[in-house]
1. Within segment 224-240, identify whether any single residue is within 16 Å of the ligand (Cβ to nearest atom) and on the phi < 0 side of the Ramachandran plot, and answer yes or no.
2. Which of the residues that make up segment 518-535 are closer than 14 Å to residue 477 by Cβ and not in a loop (DSSP other than H, G, I, E, B)?
3. Condition (residue is free of Cβ contacts under 8 Å to residues at least 40 places away in the same chain and not in a helix (DSSP H, G or I)) applied to segment 273-281: is it met by at least one residue?
4. Would you tally the residues in segment 205-223 being within 16 Å of the ligand (Cβ to nearest atom) and under 28 Å from residue 245 (Cβ atoms)?
5. In segment 86-120, what residues are open to solvent by less than 80 Å² (accessible area, probe 1.4 Å) and more than 25 Å from residue 149 (Cα to Cα)?
6. Within segment 682-732, can you find the residues that are at pLDDT 95 or above, β-branched (Val, Ile, Thr) and over 20 Å from the mean Cα position of the chain (by Cα)?
7. Can you tell me which residue among 112, 107 is touching a helix residue (DSSP H, G or I) at 6+ places or on another chain (Cβ under 9 Å), in the same structural domain as residue 501 (by TED's automatic domain parsing) and within 17 Å of residue 443 (Cβ to Cβ)?
8. Within segment 46-85, can you find the residues that are part of a loop (DSSP other than H, G, I, E, B), more than 16 Å from the ligand (Cβ to nearest atom) and open to solvent by 40 Å² or more (accessible area, probe 1.4 Å)?
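The values are calculated or read from the model by the stated rules, or taken from the named source; none is laboratory data. Since this is a predicted model, take the numbers as computed values, not measurements. As a convention, Cβ positions derive from the backbone with ideal geometry for all residues, glycine included, and neighbour counts pool all protein chains shown. Each accessible area value is taken on the protein alone, full model and side chains, heavy atoms only, with ligands, DNA and RNA left out. Shrake-Rupley method; radii C 1.70, N 1.55, O 1.52, S 1.80 Å.
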Amino acid sequence: MNAATVDTHCPYCALQCGMGLRPAGPGTGTAAGARAAGAPAAGGPGVEVVERPGFPVNRGALCGKGRTAAELLAPGARLTTPLVRNTDTGVLEPAGWDEALDRVAAGLRRTGAAHGRDAVGVFGGGGLTNEKAYALGKFARVALGTSQIDYNGRFCMSSAAAAHGRAFGLDRGLPFPLADVARTGCVILVGSNLAETMPPALRYLTELRENGGKLIVVDPRRTRTAEQADLHLAPRPGTDLALALGLLHLVVAQGRTDEEFIAARTSGWAEARSAAMAHWPEMVERITGVPVPQLREAVELFCDAASSMVLTARGPEQQAKGTDTVGAWINLCLATGRAGRELSGYGCLTGQGNGQGGREHGQKADQLPGYRKLDDPAARRHVAEVWGVDPDELPGPGRSAYELLDALGRDVRALLLMGSNPVVSAPRAAHVEERIRSLDFLAVADVVLSETAALADVVLPVAQWAEETGTTTNLEGRVLLRRRALAPPPGVRTDLEVLNGLAARLGREKGFPTTPEEVFDELRRASAGGPADYSGITYRRIAEEDGVFWPCPQLPEGGSPTDHPGTPRLFLDRFATPDGRARFVPVTHRPADEETDDAYPVVLTTGRVLSQYQSGAQTRRVAELNAAEPGPFVQLHPRLAERLGIADGEPVAVVSRRGRAVAPARVSGAIRPDTVFMPFHWPGEGRANTLTNPALDPTSRMPEFKVCAVRLEAVRTGGAVETVEVGGSERNPGA
Ligand code: SF4
């Protein structure tokens, strides 16, 4: 590899694929190395992505998003000057940094003075590095003194996190390295389309099958991932909980529980067992639409294997009962002894680039760094000491993400937003957009003028992944180092510099360093002794070891940071509960918050496509990705399309109780006839989140993105609209 190549990681999803960045060649129209040496490029990105075969997670493979990630580094593709809204004309106009930061500090200070500190909110993102997430949480609590901070990761994996904590006493997405997936005997993959969301990870499922293992995919759609499966179960959206309970019922009925494991390593089995026994197979078939013989086959494959895993993603998690749904899958693992053992266990496939680390270090409403709880007096004392403040100064827990967005313009009247685009990505997005528009003051720090940034009073152009060093924690709990490969364009500052500048203007001259490693060292101290203990991890170790798995405490009394090896596999000896036992939680099926009815007879589910990422703010600006998937669509079954009289490619309106979206029909036999699917990457008329239901899980406060009731209307030429009835038998083929 070229000596000038910098080893780093992709800016997008939680796989955090290793990649190299090297000075761009003449073919890119950029002088090779120009910006790598610190000078701005004339027009191109200045660097190009190359493979990094030695990195163990993706072994050189990249998807199209990662391969094209450098394009957004080009100065012409992003913001390079602060923008301030002209109060007379209402137009965003270029401004200097001092003016922009002065305006932000004044806006936040003015609101706090007039309406109280909790009238100022902060909204972060699961793509922010650990250092930024940590600094943002500290900024909210120390510089602003507000309790009102949360982040878009609440929309991503909080139900799995809550279920993890409840059952195992600790939340880490995967309690084992991803490579273990290839060596287990059977995997049940629930609500994940790895082939499109993180394609390089698909190789582990391919290797699993090459090694003789079995793959069961649970998804209402026959996705590219489901096509690889030995068994595909296609439940009605929102019924995964019943499905898991039905499988556990069969496990018990067939005498396939692991009584020795249950007795030695768990608690609460009797209650969970009786809850599962109330879900007999025929009833589960009626609820889910999955035939009983398929349920039996799944149990056989799962229990016949010497080791097995269940992996969940957003499908079962983004539901108003997501925590219980994940809990039901965990119960299945525990009852069969498939947890806390080599090559067996439950894991969550985290979505966003730093979805794992972003939920550990303090940007969550109820949390302090190191996965400590904000309402724990000992945790407050420890972190307050690191921050040099009185524990009593720290505010208490605030609102969860949707509740915070819903309070905008009312209880929360000014907002600082960093690394998120809720106008596209929040549920009930038209309402959220209206709440954002009603704010007294909005400041957004972002790389591009996202749909949310376009509404701001002040927009702060910030550096991105390759232009600044920082750590992320991938879906395995492996802490990684993204290295700076080139300087940001002139006019751009880092998020840490933004927080430093704002804190100084708010009277906190000290405590907000701008050097990432300095922030990380403080994070290490703040996390020491907490559940997510990073104190033994250093930048140097990460670089030398291809990442370090947390927890990795620094050993006391003269121990060096390298004394602890990190923890690739959790729970092998004991679970992280006080008594060391995993906890069964009794759960029972309940319907989705919004069931179909005569007015809204079809189920809508949402998700991602191969060539776009999350709200699309970045990937919609990359030509190759946009060409591959330029806009939204409505996937629907041929029978449903026939009833509508809709041909493939014709526009169809999808209407829920919250609004209406229009996109071309994509007619496909790969989806249930009672369900339609829309990807959520686009704003405007085809915005899927205009439709989604913000009903919250009572424990995780995660919204029910994955299921709501809609009706379809054929959009005829000339604008005439035809409402289409869908018969009862189509609503649930399993009934
Ligand atoms: Fe990037 Fe995820 Fe694609 Fe890997 S799979 S290249 S991390 S978007």
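1. Yes, segment 224-240 contains a residue that is within 16 Å of the ligand (Cβ to nearest atom) and on the phi < 0 side of the Ramachandran plot.
2. Residue satisfying the conditions is 527 alone.
3. yes
4. 2
5. 86, 90, 91, 92, 93, 95, 96
6. 710, the sole residue that qualifies.
7. Just one listed residue meets the conditions, 112.
8. Listed by number, the residues that qualify are 80, 81.
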